[in-house]
C-alpha cells in the first residue's frame, strides 16, 4: 500500500482500457486515445489515488475521477501544442501534427466533456464540492495559460508574476487532484485544504524543475529537444531570474535572445545561465517549494506512514531526468 508505482500502474491500466467509439467516429476519438496513451508520469491521477487511499482506503472508488483529471490534463496539452506550434510531445508527433489543428481542437473539446463525466463519478454527498473544486482549478489553468501567453509579448516579467502564473497553470490542477482524492477518501475540509496546498506547492517545484530540464536536461530522457524554451524565447524561471538580476550578464542575455533559433543560440544562452549560476538557483527554488509541500502534509491528520508516502513523491520529482 502507498507505493507510487502501484498507483501509477493502476491509472495506466484504466486509461489503456478506455473504450472509445470507432468506425465513422474514429476521426474524433482516435486522437484522444493517441493522446491519452502517450504515457507520461501520470502524476495527477497518482496523486488523486494516493490521497483517496491515505484518508479512506478508497483508491478503487477514485479511479474514474483520477482518469478524469488525467483526461483534462491531456486536453490542455492538445490545445497547448496548437498554441505553441509544438510538433513533439513525449517524443511523439503531437495530435495537430499527426492529424491537423481542427482535429486537435475538436478532440480536445471532447476530452474536456469526457473528463467532467469521469470526475463526476463520486458519491452524491460530495459531488457538488468535487465539481466546484474541479471547475475552480480548471479556470485557474486557463488563467495561467493566458498569463503565459501575455508574457510572450512582455520584455520583462517580475519573478513573483512568473510564480503566480505557474501556480495557476501547473500547481492548481495538482492541488485539485490531491483535494478531490482526499474528499473521496472522507477527509475533513481542513485536511482537504492542506492537501490542496501540498499539490499547489508541488506543482510549482515541478514546473521550475521542468524549466531547468529544458535547458540542462538530456534529450534522450526528457522526451523533447533540449533548448526549445530558449529558441522560442519562452519566459521560464531561468530567463525571468536571469533578466531581473541585472548587470552585464543580463544585458548579454537580452542580446543572445535576439539571435536566430538554433544550436548556437541555445549554447550561447546556456553559457550565460551557467555564468550567472542559474542552475543552482533553480535547484534551490525547487527545494524551497518542495519543503513547503512537505510542511502542508505534516499539518494534516494523517498518520506518519501515510504522510511518508507523499514525501516520497517529492523525492521522486527532485532530481528527475524527465
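The values are calculated or read from the model by the stated rules, or taken from the named source; none is laboratory data. Since we're looking at a predicted model, the values are computed, not measured. As a convention, Cβ positions derive from the backbone with ideal geometry for all residues, glycine included, and neighbour counts pool all protein chains shown.
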Restricting attention to region 16-59, the residues that are out of contact with any helix residue (DSSP H, G or I) (no Cβ under 6 Å at 6 or more places or on another chain) and under 17 Å from residue 117 (Cα atoms) number exactly 5
Using the structure shown, decide if residue 143 is closer than 17 Å to residue 83 by Cβ, part of a helix (DSSP H, G or I) and at pLDDT 95 or above. yes
Restricted to region 266-285 and to residues being surrounded by fewer than 19 Cβ atoms within 10 Å (Cβ to Cβ) and under 27 Å from the mean Cα position of the chain (by Cα), the residue farthest from residue 241 (Cα to Cα) is 267
Kindly indicate the residue of region 73-120 that is in contact with a strand residue (DSSP E or B) (Cβ under 7 Å, 6 or more places away or on another chain) and assigned to a loop (DSSP other than H, G, I, E, B) and also surrounded by the most Cβ atoms within 10 Å (Cβ to Cβ) among those meeting that condition. 94
Residue among 205, 187, 260 that alone is within 24 Å of residue 313 (Cβ to Cβ), in a loop (DSSP other than H, G, I, E, B) and at pLDDT 95 or above: 187
Out of the residues in region 21-39 that are buried (at least 17 other Cβ atoms within 10 Å of the Cβ) and out of contact with any strand residue (DSSP E or B) (no Cβ under 9 Å at 6 or more places or on another chain), state the one that is nearest to residue 99 (Cα to Cα). 31
Only one of these is buried (at least 18 other Cβ atoms within 10 Å of the Cβ), assigned to a helix (DSSP H, G or I) and modelled with pLDDT of 95 or more: 293, 309. Name it. 293
Scan region 123-139 and tell me whether some residue there is crowded, with 16+ Cβ neighbours inside 10 Å, farther than 22 Å from residue 60 by Cα, under 19 Å from the mean Cα position of the chain (by Cα) and in contact (Cβ under 8 Å) with a residue 60 or more places away in the chain. yes
Could you tell me which residue of region 42-72 is nearest to residue 303 (Cα to Cα), considering only residues that are in contact (Cβ under 8 Å) with a residue 60 or more places away in the chain and not in a helix (DSSP H, G or I)? 57
How many of the residues in region 255-265 are within 15 Å of residue 243 (Cβ to Cβ) and loosely packed, with under 14 Cβ neighbours inside 10 Å? 2
Of the conditions (1) farther than 14 Å from residue 73 by Cα; (2) not in a helix (DSSP H, G or I), residue 25 satisfies every one except a single condition; which number is it? (2)
Scope region 1-20; condition buried (at least 18 other Cβ atoms within 10 Å of the Cβ) and under 20 Å from residue 306 (Cα atoms); matching residues: 4, 7, 8, 10, 11
Regarding residue 238, is this residue closer than 19 Å to residue 158 by Cα, surrounded by 14 or more Cβ atoms within 10 Å (Cβ to Cβ), at pLDDT 95 or above and within 24 Å of the chain's Cα centre (by Cα)? yes
Taking the criterion of being surrounded by 20 or more Cβ atoms within 10 Å (Cβ to Cβ) and either part of a helix (DSSP H, G or I) or at pLDDT 95 or above (or both), would at least one residue in region 216-228 satisfy it? no
